[in-house]
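Every read-out reported here was derived from the displayed coordinates using simple, explicitly stated rules and does not represent laboratory data. Everything numeric in this text was worked out from a predicted model, so none of it was measured. In this analysis, Cβ positions are derived from the backbone assuming ideal geometry, glycine residues included, and neighbour counts consider all displayed protein chains.
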Amino acid sequence: MLSQLAPVDYSSTKSKAIDDARKTQASVSKECTDAGKAPPPYELLELIGKGSFGRVYKATGTSSGQLVAVKIISIEEGDTLEPGAVDTVSDILKEVNTLTLLSERGARNINAVIDTSLVGQSVWMVTEYCAGGSVASLMRPTGSLPEKWIIPILREVAEAIYWVHRRGIIHRDIKCANILVTETGGIQLCDFGVAGIIETKFDKRRTVTGTLHWMAPELFDSNVSYGTEVDIWAFGSMAYEVASGLPPNATTRIDIPHFG
């Protein structure tokens, strides 16, 4: 049923996205050739996302022909990017290790990592490609989604969270932008760059992290410990977001002195 959902095709910018991919491909190929190394076995087709962490491209495996998503994160820029982004080698490795752990233990509805490699001054993280884009991108034209889509989406996200928590992991950044839709209408939870691993159900964490309007109250205080319950709060905020178009208190200014 969710397969009927489709992101808007912004044709005016599509050619620019394709051109960006071609230029990046040429630049990477030249860099690898100059260094006497083989370029990564992927052909970049189109820029599909960008942010403080780097850029994400739709790509295809040169030998397999498999469609994938390639996240390219510059190591050189890591120290100057915005807080909370997947902008350091440590964060990248954390995401890869977390997703590998989930995959090995049979977790469902998780966007899996296929390959990782160091290419010049960048890290390439190759994941499953989700043709439907993110739930946030699907909401963009109308501001929210019809009620008939909300329950199926939330059900699939809830299952993903169940598996994440069952494997001893706190996601800590659940929101519509981190929920992907596959070509067949499946739902996948992604972006584990700020995920934390807990050893037992009694362990608690104190790291202040996440995206403000989706964060549980205890995440605003580094002196307060928390567990998997913060993901349940974020799930509720995401449910509010997908129904209304905005997370709770989206227009409210939030001042957190120790965030800056």
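Counting Lys +1, Arg +1, Asp -1, Glu -1, what net charge surrounds Val242 among other residues with beta carbon under 15 Å of its beta carbon? Once all neighbours under 15 Å are counted, the net charge is +1. What the Cα atoms of segment 115-161 give is an Rg and a Dmax of 15.7, 46 Å. In whole Hz and in residue order, list the ³J(HN,Hα) couplings for segment 101-107 that follow from phi through the Karplus curve 6.51 cos²θ - 1.76 cosθ + 1.60, θ = phi - 60°; x for Gly and Pro. Computed from phi, the couplings for segment 101-107 are 4, 5, 5, 5, 9, x, 5 Hz. Subtracting the Cα-Cα distance of Thr62 and Arg155 from their residue separation scaled by 0.36 nm leaves 29.9 nm.
When the C-alpha to C-alpha distance is required to be over 31 Å, the pairs from Lys16/Lys148; Lys94/Lys175; Lys58/Lys94; Lys94/Lys148; Lys37/Lys175 that qualify are Lys16/Lys148; Lys94/Lys148; Lys37/Lys175.
For the pair Ser29 and Thr184, a Förster radius of 35 Å applied to the C-beta separation gives a FRET efficiency near 0.60, rounded to the nearest 0.05.
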